[in-house]
Each structure stands twice: as structure tokens, then as C-alpha cells.
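Some notes on the structure that comes next.
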């Protein structure tokens, strides 16, 4: 049984948070970890209560919150389902104006991701519990194994899990959703930039992941934020170089 996460930071200025609010965050993290997509059926309330280590009453209240925010749909007699992306923060609408091969859009997305990753890493350094720290480190290790094996699919899987795990460890449901959506849009732009090669920044990226891990494990929020900023900045530099190579490729 998964233990419920703490309702406060690890620091002295602890603030009480209702159990249903914490459970709502946990449910979003569970959806991400299970790889559930819009329309997928979720576990029952009883099963969710067991997985989160809380009561069915708390889970029911958390479901009400996420239903109101448009993240979960509760169908009487059928169960719980992951909702579409038109709910919280209007995330599904982002794709309606994002053009993945428009460099201005891509650079704005990197700016947004930089702010996101800094804050999720900062909060994770304050709030991550051991199980979440272990998930972050497993993802970093998977990314490194993909690099060493020359497996782009494994590297990408590890990279995605790494950033999503940090977002979960931030214990902020809004950041989790924003990070998920930004990474989805980033994957679209990578088709025009970084996709197709495990070289370039990949070797440096795994070391940057380790630096972020170390700062989060040490409970150093500002070091974690700075390590995340460095990682995004270097990723953007590699994206720019990849675009330049394509523009000036002799085959074009």
C-alpha cells in the first residue's frame, strides 16, 4: 500500500493542507505514472483509497475537486475516467495556437519550460518523499542506460519520466499539468529539431539530470532550480544548433 504523502514542506514553515487536497494531487500523479490517457478508465474509489493509503471518503472528495476542474469524469454506474484536456488551465487549447515548426513559438515554449522546471525542482527539493526521490533517480538511470545503449526510445522514455517525476514531487497539481502539456508540445517541436539522434546534448543531459537529482536529494531548493535552468538552457542551445545544421545541410 502506498503511503499518503505529507501535507507540508520539509521546512519549519509548515502549512496544514486538507487530506482531500493532498489526495487530489496524488491522483494526478497516479494518472501520470499509470500512463492513463483521456478516456481511459481509472481504478475504483476503493482501489484508489488503497493505493493512496487513505480513506474512500477522502478519495471521493478529491474526485469531486478534479471533476470540477475537468480532469476526471465520474459516470454513474460506469466508474471514473480520465477527462479530456479541456479542463484545468484550458491545457487542451494550447495546441490550437502552438505551431511546432515556428521558431518563435518554440523559443517561447523553452522560456516557459525554464520557469516550470526551475519551480518544480525547487519545490521537489523541499517536498519530495523517499518514494518520489527513488522514482526520480530511477528515471535518471533509465535515461543514462538509453544513452549508453544507443537507444533513443529508452533515453526519451527516461527523460520524460525524469521531468514528470520531479513535477509529481513538487506536490503542486497545477505545475504537474503544465509540465505535462509543455512536454507534449515540446515533443511535437522535436520532430523538427532534436528528433532522430541520441548524440549532441544527450551525453551532457544525463550529467545535468544527476546534478538536479543531487540537489533535490540534498534538499537544496536553489541549487536544484539552478541545475534545472542550466539543463533547459543547454537543451535550447542544442536545439538551435540542430536547426542550424538542418538549414545549412549540404543535402538541402
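All of the numbers you see were taken from the coordinates with simple rules; none came from a lab. Please read all numbers here as calculations on a predicted model, not as lab measurements. Cβ sites come from the backbone with ideal geometry, for glycine too, and all protein chains shown count toward neighbours.
Structural remarks
- Annotation: peptides 228-236, 159-167, ranked by per-residue average of other Cβ atoms within 10 Å with the highest first, follow the order 159-167, 228-236.
- In the stretch 91-247, the ratio of gyration radius to Kirkwood radius, Rg to Rh, stands at 0.95 when only Cα atoms are counted.
- Förster radius 51 Å - calculated FRET efficiency between residue 104 and residue 64 (Cβ-Cβ, nearest 0.05): 0.80
- Potential lengthening of the chain between residue 188 and residue 21 amounts to 56.9 nm, from the contour at 0.36 nm per residue minus the alpha-carbon distance.
- Theoretical FRET efficiency, 1/(1+(r/R0)^6), r = Cβ-Cβ of residue 234 and residue 129, R0 30 Å, to 0.05: 0.55
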